[in-house]
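The values are calculated or read from the model by the stated rules, or taken from the named source; none is laboratory data. Note that the coordinates shown come from a computational prediction; the quantities given were computed from them, not determined experimentally. Cβ atoms come from the backbone with ideal geometry, glycine included; neighbour counts cover every protein chain shown. Protein only, heavy atoms only, side chains kept; ligands, DNA and RNA dropped before computing areas. Shrake-Rupley method; radii C 1.70, N 1.55, O 1.52, S 1.80 Å.
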Amino acid sequence: MESNGSINTPLAPLGQETKNGEKIIQCAKCKYRFLKAPRCPECGQLVLYKEKWNKPKLNSYEEWQQTCSIIGANPKDVVNFLKTMLEKEHFDYHVGSTDMSLDYKIPGRSTKLQLFMFFGGNSRCGAFQPSSYYNYAKNHGIGETVINEFLENMKPYLSAKQKNKPYKRIEGYYFVDYSTLVEKAIEIEGLFEWLDQKLIR
């Protein structure tokens, strides 16, 4: 048997399939088949599902700007939207290996709300998740009325593929084209500022 340390080196699964709506994984180490999980329940092997998970995190939004390939807008203009938001109180950001997030933090509370995700790679849009807004409101005793109003106000800025079906779930995200984000930057900034005023009450 291999040393215990070897199972901590992520391995891509030998195969993946979906049965009855659930993802079945075949372990690359012991060939055991199991419901999707971070590790194989038989041998403990750490499973690598996406290569980007192993990529080092970026260090700043400047690095994100240098590595992304924005379609329909200038990456500098997209980053300028973020910079403008970061000049305001309560707003923060974090970067991953390919993506960047505009965050919101209520003073005195440890958790942050991910307001808007800027995708990396070749991307024409950013996104937000209404479910995360509702969860944040619930966890912090904030009424859903505020979230409902904010989401209604965001509908005009949704990408064309969601215009007729606002907030229809597409891979868990709700998309805004970067071209719209840049063109309507002042209006969208105003909506985030409005939400800030409502959340800190």
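If Lys and Arg each add +1 and Asp and Glu each add -1, what is the summed charge of the other residues whose beta carbon sits under 10 Å from the beta carbon of residue 94?
Values: positive: 57, 112; negative: 92, 99, 103.
Combined, the nearby Lys, Arg, Asp and Glu give -1.
Just the number, please: carbon plus sulfur as a percent of the accessible area of segment 36-142, 1.4 Å probe, no ligands or DNA/RNA counted. It would help to have the intermediate numbers written out before the result.
On the way: 2550 of 5590 Å².
Carbon plus sulfur share of accessible area: 46 percent.
Can you give the FRET efficiency to the nearest 0.05 for residue 39 and residue 148, using r as the Cβ-Cβ distance and R₀ = 45 Å?
On the way: r = 39 Å, r/R0 = 0.88.
Between residue 39 and residue 148 the formula returns 0.70.
According to the square roots a ≥ b ≥ c of the eigenvalues of the Cα gyration tensor, what is the shape class of segment 30-126, taking rounded for a/c under 1.5, prolate for a/b larger than b/c otherwise, and oblate for the remainder? The partial results should precede the final answer.
Numbers: a/c = 3.16, a/b = 1.69, b/c = 1.87.
Taking the square roots of the gyration eigenvalues as a ≥ b ≥ c, segment 30-126 is oblate.
Could you tell me which of rounded, prolate or oblate describes segment 106-167, using a ≥ b ≥ c as the square roots of the eigenvalues of the alpha-carbon gyration tensor, with rounded for a/c under 1.5 and, failing that, prolate when a/b is larger than b/c and oblate otherwise? Each step should come with its number before you reach the end.
Details: a/c = 3.13, a/b = 1.44, b/c = 2.18.
Verdict is oblate for segment 106-167.
Pick out, in residue order, every one of the chymotrypsin sites (Phe, Trp or Tyr not before Pro) in segment 30-107 that is DSSP loop and has at most 15 other C-beta atoms within 10 Å; say none if there are none. Show your work: numbers first, answer last.
Numbers: sites: 32, 34, 49, 53, 61, 64, 81, 91, 93, 104; in loops: 32, 49.
Filter output for segment 30-107: 32, 49.
Express the relative contact order of the chain as a whole percentage, based on alpha carbon pairs under 8 Å and six or more residues apart in sequence. Working shown, then result.
On the way: 300 pairs, mean separation 29.3, N = 201.
Across the chain, relative contact order equals 15 percent.
For log10 I(q)/I(0) by the Debye sum over Cα atoms at q = 0.10 Å⁻¹, the choices are (1) -0.46; (2) -0.39; (3) -0.55; which was calculated from the structure?
Only one listed value fits the structure, namely (3).
Taking 0.36 nm per residue of separation and subtracting the Cα-Cα distance, what length does fully extending residue 124 through residue 88 add? Let's see the in-between values first.
On the way: separation 36, 0.36 × 36 = 12.96 nm, distance 2.59 nm.
Computed gain between residue 124 and residue 88 is 10.4 nm.
Can you tell me the length gained on complete extension of the stretch residue 140 to residue 18, counting 0.36 nm per residue apart and subtracting the Cα distance? All intermediate terms of the calculation are to be shown ahead of the outcome.
Details: separation 122, 0.36 × 122 = 43.92 nm, distance 3.64 nm.
Using 0.36 nm per residue and subtracting the Cα-Cα distance, I get 40.3 nm.
In whole angstrom, how far apart do the alpha carbon centroids of segment 83-146 and segment 23-46 sit?
33
Taking a probe of 1.4 Å, how large is the accessible area per residue of the chain, in Å²?
Values: 11500 Å² over 201 residues.
Each residue of the chain exposes 57 Å² on average to a 1.4 Å probe.
Counting helices only, and only those DSSP H runs with n ≥ 4, report the 222 nm mean residue ellipticity of the chain as the sum of -39,500 (n - 2.57) divided by its residues, in deg cm²/dmol to the nearest 500.
Working: 7 runs with 65 residues, N = 201.
So the helix-based figure for the chain works out to -9000 deg cm²/dmol.
Filter the cross-link list 83/198; 19/155; 88/155 down to pairs whose alpha-carbon distance in this structure exceeds 32 Å.
Numbers: 83/198 22 Å; 19/155 35 Å; 88/155 24 Å.
From 83/198; 19/155; 88/155, over 32 Å: 19/155.
Using only protein heavy atoms and a 1.4 Å probe, report how much of residue 134 is accessible, in Å² to the nearest 10.
My reading of the accessible area for residue 134 is about 60 Å².
At a Förster distance of 30 Å, what's the computed FRET efficiency of residue 9 paired with residue 114, Cβ-Cβ distance as r, to 0.05?
Working: r = 30 Å, r/R0 = 1.00.
For R0 = 30 Å, the calculated efficiency reads 0.50.
Enumerate by residue number the GluC sites (Glu not before Pro) in segment 47-140 meeting two conditions: DSSP loop (anything except H, G, I, E, B), and at most 16 other Cβ atoms within 10 Å of the site's Cβ.
Details: sites: 51, 62, 63, 87, 89; in loops: 87, 89.
In loop regions of segment 47-140 (DSSP not H, G, I, E or B), the sparsely surrounded GluC sites (Glu not before Pro) are 87, 89.
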